[in-house]
Each structure stands twice: as structure tokens, then as C-alpha cells.
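S.K.: Below: one structure in C-alpha cells.
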Amino acid sequence: MRLSYVRELDEYPTGARRMKILAMAVLAILIGSYEGQIAPVVPLLLKDLHMTLATYGAMSGAAAVAGAIASILGGRLTDRLGRVRLLVPLMMLTAVCCFAMTLVHSPRDLLLARILLAFVDGVAMASTAPLVRDFSPRLGRAQAFGFWTWGPVGANFLAAAIAGWTLPIFNDSWRSQFVIMGCFSLVISLVIAVNIADLSPELRARIQHTEQAATQVVDLSEPARLRSLFARRNIWAHVVGISLWLVLYLTLSLFGPTMLVQSLGISTAQASSIMAAFWSLNLITLIITGRLSDRTQLRKPFSLGGTIAAVLVTAYLAVVLGQEGVSTGTLILVGALLGGSLGVAYAPWMANYSEDAEDADPRLQGTAWGLFGFLTKGIAVIGLLVIPYVVKVTNWQTWLFIALGCLILFIPAIVMFNGPWRRTARTPVAVALGEAEG
């Protein structure tokens with residue numbers, strides 16, 4: 001029996017209709033990421049709940065573990081049940097979880113509420129990357145994933161902007177932010193429910209090269225098997241490689257301003273300016289490079305070039321952290337270059353990973369992206385637990401060199417990905433398909 005809110009398409013949508021559905025998937029990841037943003041009210045929470053920063057860190061780690069488990073579970077469910085059937089009701093449930101946050105009166109209450117929200121949100125958001133794959137042909141996939149990445153990054157700005165505007169209105173009540181989150185999320189969930197659609201299982205089983213041209217690569221009479229995905233060397237290269245790459249990315253996401261303040265003795269405002277430059281150029285290069293990657297239908301050269309540039313900039317930053325008197329202008333430039341370099345590498349990698357998983361079995365996109373979500377949150381947990389300890393024993397410079405080493409190890413993994421290094425024929429994707437069949 002088909003649920004009323006689930007609209008399955010039997011023909012691949014084109015033009016504005018496809019772009020509208022794709023926009024709904026991007027909007028979903030933005031809202032899902034916004035619901036998890038608690039940073040703007042942490043100082044108020046610590047004071048009101050009489051909680052230490054260490055206790056809050058442990059709670060964040062526990063919530064991240066719940067989110068990691070939810071991501072891999074949600075990935076499997078979205079392949080089995082469909083994207084929209086899972087996404088729409090769970091997005092509405094996350095809105096309810098936001099309202100439930102207003103009932104928190106102790107650290108224990110906060111722990112339970114954060115774990116519940118992280119789990120529900122993790123299962124829900126596992127559908128968004130597969131939806132982007134479903135509604136982005138290979139000719140435009142890197143740019144589509146570039147926009148998808150705007151969700152987690154844009155949520156930081158959205159949460160900070162709304163808190164800065166509304167907290168004074170509500171007398172600095174942290175509960176006000178969760179009421180706003182809940183209302184905002186509920187309204188947007190209804191908008192998404194009305195406008196989003198799912199592909200039929202037959203269409204999800206195809207590889208879509210352009211809006212009109214597709215390739216049927218699997219026998220629909222046979223069930224999708226995990227072995228077809230995880231028996232491939234290139235998939236494991238993606239999994240291990242991006243885990244190493246994420247060490248630096250999540251270090252900057254979780255501790256960027258703290259690292260700069262503690263290592264260089266600059267103000268919090270200066271550190272914020274440096275990180276703003278990092279995120280600004282990162283967002284720009286995600287889209288520009290995604291577009292270039294799609295026009296050339298090349299993924300690996302962009303991932304390699306961006307990573308090498310990031311290695312050089314990170315090495316310079318690691319050396320600078322041990323010096324005194326570095327100008328704020330220099331640090332802003334270094335931050336921007338590092339963010340831009342990582343953006344160059346990331347969107348093409350996402351397209352490459354999606355296409356390599358697609359070559360194994362297009363029906364396992366949710367499983368592949370659920371694994372990615374598990375890795376992202378898993379590395380975040382490790383970061384929350386390990387980074388403060390390493391820095392306490394040594395210093396930030398030592399940790400940055402460790403992250404640099406992990407980034408360098410991503411480079412040999414790129415060689416193992418499928419896909420061409422240069423433009424050859426008009427159908428470069430066929431090379432990957434041929435390799436996958438071998």
C-alpha cells in the first residue's frame with residue numbers, strides 16, 4: 001500500500017521539475033543540520049543546568065555515537081523502503097524532538113534529548129545524499145553534491161544568525177531557540193512533503209548519464225547484495241581514504257577557533273574572522289569546482305589537485321603555529337586558501353564515490369552514503385575524545401602535523417578510485433562501467 005505523501009515517479013523528471021526535487025533534498029539537509037546546532041546556546045546551557053564543559057563534551061560524544069549508528073541504519077532502510085517514505089515523517093519527528101528540548105531541566109535530561117534527536121535526525125538525513133544522487137545525472141552530480149554540502153556548513157551560519165537576532169528578544173532564554181527550531185523545521189518539513197518525490201525502484205536501479213540518457217546495469221529480479229559493494233577495492237579505498245581526509249576537516253570544524261586562540265594568542269574575534277574566510281572560500285570552491293568537474297567529467301584530478309594544495313597550506317599553517325607575531329591578514333589568507341583547497345577536492349570526491357558505488361549496484365546508494373555518515377560522525381567522536389588529550393600532552397602544532405599526515409595518506413587512495421585522469425572520449429563514465437564489470 002502506497003502512503004499518501006509518497007509520490008513515486010515512473011519517468012525520470014527533467015528541467016525545472018527535477019531541479020525542484022533536488023532543491024528539496026538540499027533544503028532537507030540544511031534543516032536537519034540546523035536542528036543539531038546547539039553551539040550558540042552552549043554558554044547559556046552550561047550556566048542554567050550547572051554543567052561543566054567536560055560534561056557537555058561527553059554528552060556531545062554520546063550523541064555523535066547515536067547519530068553514527070543511525071546513519072548506517074538509515075542508509076540500509078532508505079534503500080529498502082524508499083527515500084521519501086523515510087524522510088518526511090522523520091523530519092516531522094525531529095521537529096517534535098526540538099520542542100522536547102524545552103523540557104530539559106538537568107544534564108541527564110539534556111543527554112537523553114540530544115541522543116534522541118541525534119538518532120532520529122541521523123536516520124532521516126541518511127535519505128538526503130541518495131536523493132541527490134537519484135535526481136542528479138552524472139553530467140551535473142559534482143555540482144549537486146557541492147550544494148548538498150552547503151547544508152551542514154550553512155547550518156552553522158543559520159543557527160548563529162537566528163540566535164544573535166532572537167536571543168535578546170527572548171531575554172537570553174536558550175529554550176527560545178529550540179522553539180524556533182521546532183517551528184521552522186515543522187513548516188519546512190511540510191513544504192518538502194508537498195514538493196518532493198521518489199523515483200520508482202526501476203528508475204533508482206539505473207545509472208543516469210544525462211536527463212535523457214540512462215544505462216540499465218542490474219538485473220532487477222535479483223536482490224541487491226552488500227557483497228557487490230564491499231567486495232570492490234575502489235569502495236574500500238574511498239572509505240579508508242575519506243576517513244583520513246576528514247581528520248583535518250573535522251579538526252578545523254570542531255576546534256578551529258580554539259586552536260588559533262590557544263596557539264597564537266589572538267582574540268576570539270580574530271579567530272572567528274579567520275574561520276569565516278575558511279568557510280567562505282570553501283563554499284565558493286565547492287560549487288565552482290563541482291561545475292568544472294561536471295563539464296570535464298573528471299573527478300580524480302580535482303580531488304588530487306585540491307588535496308595537494310591543502311597539504312601545502314596545512315604544512316605552512318603547522319609551521320606558523322609555532323611562531324609569534326604572525327599578522328591577522330596572513331592568517332586570513334592562509335585560512336581562505338585552506339578552505340578553498342579542501343572545497344576543490346571534496347565535491348568531485350563525493351561525485352566519484354557516488355558513481356563508483358553506482359557502478360557496483362545503483363540500488364545501494366543509501367547503504368554507501370549511510371556508511372559515509374557513520375564515518376563522518378565516528379571521526380567526530382574520535383576527535384572530541386582524542387584531540388583534547390593529544391593537545392594537552394603535546395600542543396596544537398603536534399596535532400596539526402598528525403592531521404597533515406592523514407591528509408597525505410588520502411593521495412594514494414585517489415589512485416585506486418575508478419574514473420579517468422583526463423578527457424578522452426565523449427563518454428568517460430563508460431570507462432568506470434567497464435572496469436566495474438571486470
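The values are calculated or read from the model by the stated rules, or taken from the named source; none is laboratory data. Worth saying up front: this structure is predicted, and the values here are computed from it rather than measured. Every residue, glycine among them, receives a Cβ derived from its backbone with ideal geometry; neighbour counts consider all protein chains shown. Just the protein is used for accessible areas: all its heavy atoms, side chains included, with ligands, DNA and RNA removed. Shrake-Rupley method; radii C 1.70, N 1.55, O 1.52, S 1.80 Å.
S.K.: At 0.692 mPa s and 37 °C, plugging the Kirkwood radius over alpha-carbon pairs of the stretch 279-345 into Stokes-Einstein gives what diffusion coefficient in µm²/s?
M.R.: Approximately 263 µm²/s, per Stokes-Einstein.
S.K.: Please work out the Kirkwood hydrodynamic radius for the stretch 374-413, using every pair of different C-alpha atoms, and report it in angstroms with one decimal place.
M.R.: Value: 11.0 Å, from the Cα pair sum.
S.K.: Which peptide among 362-372, 165-175 comes first, and what is the full order, when sorted by highest mean count of other Cβ atoms within 10 Å?
M.R.: 362-372, 165-175
S.K.: Right, here's the next one. Throw me the Rg/Rh for the stretch 52-91, computed over C-alpha atoms with Kirkwood Rh, two decimals.
M.R.: Taking Rg over the Kirkwood Rh, I get 1.20.
S.K.: Would you mind computing, in nm to one decimal, how far apart the modelled labels at Leu385 and Arg422 are, each placed 7 Å from Cα along Cα→Cβ?
M.R.: With each label point 7 Å from Cα toward Cβ, the separation is 4.7 nm.
S.K.: Of Gly146, Val319, Val26, which is farthest along the charge dipole of the chain in the positive direction, counting Lys and Arg as +1 and Asp and Glu as -1 at C-beta?
M.R.: Gly146
S.K.: Can I ask one more? Cα centroids of the stretch 212-250 and the stretch 119-150: how far apart, whole angstrom?
M.R.: If we compute the Cα centre of each part, the gap is 15 Å.
S.K.: Is any helix in the chain, taking whole DSSP H runs, at least 27 angstrom long along its axis by alpha carbon and on average at least 0.0 on the Kyte-Doolittle scale, and which ones?
M.R.: Length and hydropathy pass: 15-35, 53-81, 141-166, 174-195, 233-264, 268-296, 300-320, 328-360, 365-393, 396-415.
S.K.: May I have the extent of the alpha carbons of the stretch 247-293 along their three principal axes, as whole Å values ordered from largest to smallest?
M.R.: 39, 22, 12
S.K.: Where the convex hull is taken over the Cα atoms of the stretch 167-280, what is its projected area averaged over directions, in nm²?
M.R.: Its average projected convex-hull area is 13.5 nm².
S.K.: A further question on this structure: Once the piece of chain linking Leu139 and Ala23 is laid out straight, how much longer is it, given 0.36 nm per residue of separation minus the C-alpha distance between them?
M.R.: Taking 0.36 nm per residue and subtracting the Cα distance, the gain is 40.1 nm.
S.K.: Under a cut-off of 18 Å between alpha-carbon atoms, report the aspartates and glutamates in cross-link reach of Lys47, not counting same-chain residues fewer than 8 places apart.
M.R.: Filter leaves Asp109, Asp172.
S.K.: Here's a follow-up. For the chain, place one equal point scatterer on every Cα, skip the solvent, and apply the Debye formula. What is log10 of I(q)/I(0) at q = 0.06, 0.10 Å⁻¹?
M.R.: -0.25, -0.70
S.K.: Just to check, using Stokes-Einstein with a Kirkwood Rh over alpha carbon pairs, what's the diffusion coefficient of the stretch 116-155 at 25 °C and 0.890 mPa s in µm²/s?
M.R.: Rounded to a whole number, D works out at 223 µm²/s.
S.K.: Further question: What distance in nm separates the simple spin-label points at Ala213 and Val194, each placed 7 Å from Cα in the Cβ direction?
M.R.: Calculated label separation equals 3.8 nm.
S.K.: From largest to smallest, what semi-axes in whole angstrom does the stretch 1-51 give when each is the square root of 5 times an eigenvalue of its alpha carbon gyration tensor?
M.R.: 40, 15, 5
S.K.: Kindly provide the helix-only [θ] at 222 nm of the chain, computed as the sum of -39,500 (n - 2.57) over DSSP H runs of four or more divided by all residues, to the nearest 500 deg cm²/dmol?
M.R.: Computed mean residue ellipticity for the chain: -26000 deg cm²/dmol.
S.K.: I need the peptides 224-234, 304-314 ranked by packing, meaning the mean over residues of other C-beta atoms within 10 angstrom, with the highest value on top.
M.R.: 304-314, 224-234
S.K.: For the chain, what does the accessible surface come to per residue with a 1.4 Å probe? Please give it in Å².
M.R.: About 42 Å² of surface per residue is accessible.
S.K.: Something else about it: Using a Gaussian network model of the chain whose springs link C-alpha atoms within less than 10 Å, name the residue from Ala214, Ala28, Ala159 with the highest mean-square fluctuation.
M.R.: It is Ala214.
S.K.: Which of the chymotrypsin sites (Phe, Trp or Tyr not before Pro) across the stretch 90-156 are loop residues per DSSP, with 12 or fewer other Cβ within 10 Å?
M.R.: Nothing satisfies the criteria.
S.K.: Tell me, rounded to the nearest percent, the portion of alpha carbon pairs in the stretch 1-142 spaced more than 27 Å apart.
M.R.: 31 percent
S.K.: Let me ask something additional. Largest first and to the nearest Å, give the Cα extent of the stretch 309-404 along each principal axis.
M.R.: So the three principal-axis extents are 54, 29, 16 Å.
S.K.: Roughly how many percent of the accessible protein surface of the stretch 105-228 is carbon and sulfur, given a 1.4 Å probe and a whole-percent answer?
M.R.: Carbon and sulfur atoms account for 67 percent of the accessible area of the stretch 105-228.
S.K.: Once both labels are modelled 7 Å past Cα along the beta-carbon direction, what's the Ala16-Thr296 spacing in nm?
M.R.: Roughly 3.4 nm, to one decimal.
S.K.: Using modelled backbone amide H atoms (1.01 Å from N, in-plane), which distant-in-sequence or interchain residues come within less than 5 Å of Leu9's amide H?
M.R.: Here the answer is Asp198, Leu199, Ser200, since their amide H atoms fall under 5 Å of that of Leu9.
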